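Here is the structure we will look at.
A short reminder: the numbers here are calculations on the coordinates, not readings from a lab. Computed from a prediction, not measured in an experiment: that's the story for all the values here. A quick note on method: Cβ atoms are made from the backbone with ideal geometry, for glycine too, and the neighbour counts reach across all protein chains shown.
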Ligand code: KG4
Ligand code: ZN
């Protein structure tokens, strides 16, 4: 099947065309991996429009999506050399995210569905991140997912397409938010993650010993607010900051994050074994996956590869182009849901808050999408 995907939940306007052939995650024969192909994946960042304000401004985001979305969809179809007749369904992010952007995407997708007489599928953005490795690495569930982005930090047991159990979450900031705020404190440009990573390359991670939040705690949750505050306090002590100070602060921050993530994933794996490890997958074989914008960070990727190597576990990392927000993951999640015969509630309603695991109770103060400013 061929799916047109649309993503407008935050500050990237994206359209993509993805194909899926039978087998894989949704089939009764998990050994037969679905054939996935991403024909085109266009992502237009709005960052320059938000830069003067130091964060994403929802109204500006919605308008910017409106201005470019139809052109981006047309470009995607031209690049893939396909017409409406070749498309089986239109997939669109229905949440979580900024309400204005979601409405732009949903309205556009609904209109295309009507004009082309094709089904329209509303997708949870987090499910897009969660299933990306099916598209990029041909990996079917079950796996343990570390989902780290600008609005979310969670450890999720992906048991099957449509079946997600949250094992851990942040009790305050999302990790991407912590990177963005750290960059702001240090006078680096936004989005902060890539800026902090680049500065850290020239830094000495041992110069500052920042706290490792939640290290050793029995529940695999995260907390990043204290770490960010520690960076701020150190920066205030040193001000004015030299380039070397900034590099060392970034390297110290990143090292603290890496050590924390490894500890939390190790705890989550232990938790999964003692609770609901899928019966047919011995825990030691449960692959680890990282997804979301922060998954592009090479130091964090290396830390997880190292953790996996320690007990001979598989680890799957999507390519950098599929870590940040994109529409290929939305199209792919829709393809997987269709193949699995999952329901497709209509009409599609924008859901600014939409947990991936709707059963686990929310944790007080956890990071929320749209809190980037
Ligand atoms: O998944 P994403 O594109 O959007 C959301 O769904 O939130 O994630 C964006 C977040 C931003 O906070 C950005 O600073 C962070 O991902 N990010 C990174 C890197 N690249 C993007 N964080 C750390 N290192 C990176 N290389
Ligand atoms: Zn995202």
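Calculate the translational D of the chain in whole µm² s⁻¹ from Stokes-Einstein, where the hydrodynamic radius comes from the Kirkwood formula applied to all Cα pairs, the temperature is 10 °C and the viscosity 1.306 mPa s.
Here the translational diffusion coefficient equals 76 µm²/s.
Equivalent ellipsoid semi-axes for segment 126-215, as square roots of 5 times the alpha carbon gyration tensor eigenvalues: give them largest first, rounded to whole Å.
Working: eigenvalues 172, 46, 32 Å².
So the three semi-axes of segment 126-215 are 29, 15, 13 Å.
Once fully extended, how much extra length lies between residue 63 and residue 206, figured as 0.36 nm per residue of separation less the alpha-carbon to alpha-carbon distance?
Fully extending the segment from residue 63 to residue 206 adds 47.0 nm.
Rounded to the nearest 500, what is the chain's calculated 222 nm mean residue ellipticity when only DSSP H runs of at least 4 contribute -39500 (n - 2.57) each, over all residues?
Values: 10 runs with 148 residues, N = 373.
One gets -13000 deg cm²/dmol as the mean residue ellipticity at 222 nm.
Can you tell me the Rg and the Dmax, both Å, for the Cα atoms in segment 186-319?
In Å, with Rg to one decimal and Dmax whole: 16.5, 57.
For segment 78-156, what number results from the quotient of the Cα radius of gyration and 2.2 N^0.38 Å?
Numbers: Rg = 15.0 Å, N = 79, 2.2 N^0.38 = 11.6 Å.
Ratio of Cα Rg to 2.2 N^0.38 Å: 1.30.
At a Förster radius of 22 Å, what calculated FRET efficiency corresponds to the Cβ-Cβ distance of residue 79 and residue 1, to the nearest 0.05?
Efficiency at R0 = 22 Å is approximately 0.70.
With the convex hull built on the Cα atoms of segment 1-146, state its orientation-averaged projected area in nm².
Values: hull surface 37.0 nm².
It is 9.2 nm².
Which order do 329, 111, 265 fall in if you start with the one that has the fewest other Cβ atoms within 10 Å?
Going from least to most buried by this count: 111, 265, 329.
Obtain the nm distance between the two label points defined at residue 309 and residue 37 by a simple spin-label model: each point lies 7 Å from its Cα along the Cα-to-C-beta direction.
Each label point is offset 7 Å from its Cα along the Cβ direction, giving 3.5 nm.
How are the C-alpha pair distances of segment 97-248 spread across 10 Å bins, as whole percents from the shortest bin up?
Spelled out per bin, shortest first, that is 9, 28, 29, 21, 9, 3, 0.
Percentage of Cα-Cα pair distances in segment 161-261 greater than 15 Å, rounded to whole percent?
Details: 3032 of 5050 pairs.
The calculated P(r) of segment 161-261 puts 60 percent of pairs beyond 15 Å.
Taking other Cβ within 10 Å of each residue's Cβ, how do 7, 219 sort, fewest first?
219, 7
At a 10 Å Cβ-Cβ cut-off, how would you order 325, 204, 117, fewest neighbours first?
With the fewest neighbours first, 325, 204, 117 line up as 117, 204, 325.
Write down the radius of gyration of segment 57-114 and its Dmax, each obtained from C-alpha positions, in Å.
Just the Cα atoms of segment 57-114 yield Rg and Dmax of 12.3, 37 Å.
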